[in-house]
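Student: Got a structure for you, questions after.
The values are calculated or read from the model by the stated rules, or taken from the named source; none is laboratory data. Note that this is a predicted model, so its numbers are computed, not measured. Glycine also receives a Cβ, built like all others from the backbone with ideal geometry; neighbour counts cover every protein chain displayed.
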Amino acid sequence: IPKGIDLIEEINRMRKEKNAIILAHYYQTGDIQDIADFLGDSLQLARAAEKTDADMIVFCGVHFMAETAKILNPTKKVVLPDLLAGCSLADSCSGEGLRELKKKHPGAIVVSYINCDSGVKAESDIIVTSSNAEHIINSLPEEQKIIFAPDKNLGRYINQVTGRDMILWDGACIVHEAFSLERIAEQMLNHPKAKLIAHPEAQKPVLQVAHYIGSTANLLNYVVNDAAEEFIVATEEGILHEMRKRAPGKKLIPALTIDDKCNCSECHFMKLNTMEKLYLCMKYELPEILMDEEIRIKALRPINKMLELSK
Ligand code: 13P
Ligand code: SF4
């Protein structure tokens, strides 16, 4: 990168020249969120990727999100600033592993959280995100046997709110698993007026004491619209950036994790993307998401099913 270059100016220039759209998830750094054309949760980003007519989708998020964009809009060039931006949930489950589990449960359908790779999506019947999982599971016949992959925490939570008994894959988000109930309880004692809000990827003990549980977009809306003035936020701390912008008067307290020294409430995968890498990725149009067409078509089916069911 040439010295003294104005990254914002350059990114803006290339966005116009190349007819590119920058999509960003709420867990990206503040500067990336600010420069994005569209900021959203997983479902909103998938919809934005599907409907865009830009020539290039620059996806500031993690690999499974960029891959979902490519599955939905294959004629567009999809690039991701850092190809190593993975996800512990996606890493926990493979298409092959899921096929083995399906063999053990004949008659079960597979509902997978969008945080999985295309091989897992290709083996799934329906994809869900944290904002539509409850609604979609409720829309299935009560007697239907369901395998839910890969997030056991979201799966357990959905079992609880829907009264189902889904078979759960043993995956978890390293960020949301790090929240400490003991330390959050202390925060709640120190801030008696604060409401605890949590993402459903968090573990059961944290969810049990939460005042509100929702996807990143739903947590954001809750902070903006609820009458409370203080919130303890148990999700990746990148979301605080937009919360501060949209609810400037409110006090936002990041929930504490098991270890202060590890920055555990930061997703290091999400934070691999930086403004410098965004600039380089737009300049060289790399790294690009490329997919096997057979897998893409198989993975598209359960995503389309989700989009139909969550209208
Ligand atoms: P949502 O933004 O859909 O709530 O997903 C959270 C997440 O962990 C993305 O990786
Ligand atoms: Fe995956 Fe968790 Fe990071 Fe989201 S926050 S990308 S679920 S590791």
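Student: For residue 228, all conditions in the list (1) within 16 Å of ligand 1 (Cβ to nearest atom); (2) at pLDDT 95 or above; (3) among the small types (Gly, Ala, Ser) hold save one; what is the number of the exception?
Tutor: For residue 228, the failing item is (1).
Student: Of these, 74, 81, which one is more than 20 Å from residue 132 (Cα to Cα), touching an Asp or Glu at 6+ places or on another chain (Cβ under 9 Å), within 16 Å of ligand 2 (Cβ to nearest atom) and part of a loop (DSSP other than H, G, I, E, B)?
Tutor: 81
Student: Could you grab me the full set of residues in the stretch 170-181 that are away from ligand 1 (no atom under 16 Å from the Cβ) and either farther than 20 Å from residue 233 by Cα or in contact (Cβ under 8 Å) with a residue 40 or more places away in the chain (or both)?
Tutor: Hits for the stretch 170-181 are 170, 180.
Student: Could you tell me how many of the residues in the stretch 152-188 are within 21 Å of residue 106 (Cα to Cα), in contact with a strand residue (DSSP E or B) (Cβ under 7 Å, 6 or more places away or on another chain) and not basic (Lys, Arg)?
Tutor: Residues meeting the conditions: 5.
Student: Assuming residue 202 fulfils every condition listed in (1) of a type in the set (A, V, I, L, M, F, W, C); (2) crowded, with 20+ Cβ neighbours inside 10 Å; (3) in a helix (DSSP H, G or I) apart from one, which condition is it?
Tutor: (3)
Student: Right, another one. Please specify each residue of the stretch 202-221 satisfying the condition of being more than 14 Å from residue 41 (Cα to Cα) and either within 16 Å of ligand 2 (Cβ to nearest atom) or of a type outside the set (Val, Ile, Thr) (or both).
Tutor: Across the stretch 202-221, the qualifying residues are 202, 203, 204, 205, 206, 207, 208, 210, 211, 212, 213.
Student: Still on this structure, I have one more. With the requirement that a residue be among the charged types (D, E, K, R) and in contact with an Asp or Glu (Cβ under 7 Å, 6 or more places away or on another chain), what does the stretch 16-66 give you?
Tutor: Answer for the stretch 16-66, where residues must be among the charged types (D, E, K, R) and in contact with an Asp or Glu (Cβ under 7 Å, 6 or more places away or on another chain): just 18.
Student: Looking at (1) more than 12 Å from ligand 1 (Cβ to nearest atom); (2) closer than 24 Å to residue 134 by Cα; (3) not hydrophobic (A, V, I, L, M, F, W, C), can you tell me which one residue 200 breaks?
Tutor: Exception for residue 200: condition (1).
The rows are residues; the columns are (1) touching a strand residue (DSSP E or B) at 6+ places or on another chain (Cβ under 8 Å); (2) under 25 Å from residue 176 (Cα atoms).
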residue: 55; (1), (2): yes, no
residue: 60; (1), (2): yes, yes
residue: 70; (1), (2): yes, no
residue: 76; (1), (2): yes, no
residue: 81; (1), (2): yes, yes
residue: 92; (1), (2): yes, yes
residue: 95; (1), (2): no, yes
residue: 103; (1), (2): no, no
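Student: So which of 99, 47 ends up being within 13 Å of ligand 1 (Cβ to nearest atom) and either farther than 28 Å from residue 218 by Cβ or among the basic types (Lys, Arg) (or both)?
Tutor: 47
Student: Which condition does residue 42 not pass, out of (1) touching a helix residue (DSSP H, G or I) at 6+ places or on another chain (Cβ under 6 Å); (2) within 14 Å of ligand 2 (Cβ to nearest atom), if it passes all the others?
Tutor: All conditions pass for residue 42, except number (1).
Student: Kindly check whether there is at least one residue in the stretch 146-157 that is acidic (Asp, Glu) and surrounded by fewer than 24 Cβ atoms within 10 Å (Cβ to Cβ).
Tutor: No, the conditions are met nowhere in the stretch 146-157.
Student: Filter the stretch 226-254 down to the residues that are in contact (Cβ under 8 Å) with a residue 40 or more places away in the chain and in a strand (DSSP E or B), then identify the one that is surrounded by the fewest Cβ atoms within 10 Å (Cβ to Cβ).
Tutor: 251
Student: Additional query: Filter the stretch 114-134 down to the residues that are within 11 Å of ligand 1 (Cβ to nearest atom) and acidic (Asp, Glu) and list them by number.
Tutor: Answer for the stretch 114-134, where residues must be within 11 Å of ligand 1 (Cβ to nearest atom) and acidic (Asp, Glu): there is none.
Student: Continuing with this model, one more query. So, residue 304, is that one more than 16 Å from ligand 1 (Cβ to nearest atom) and over 20 Å from residue 68 (Cβ atoms) or not?
Tutor: no
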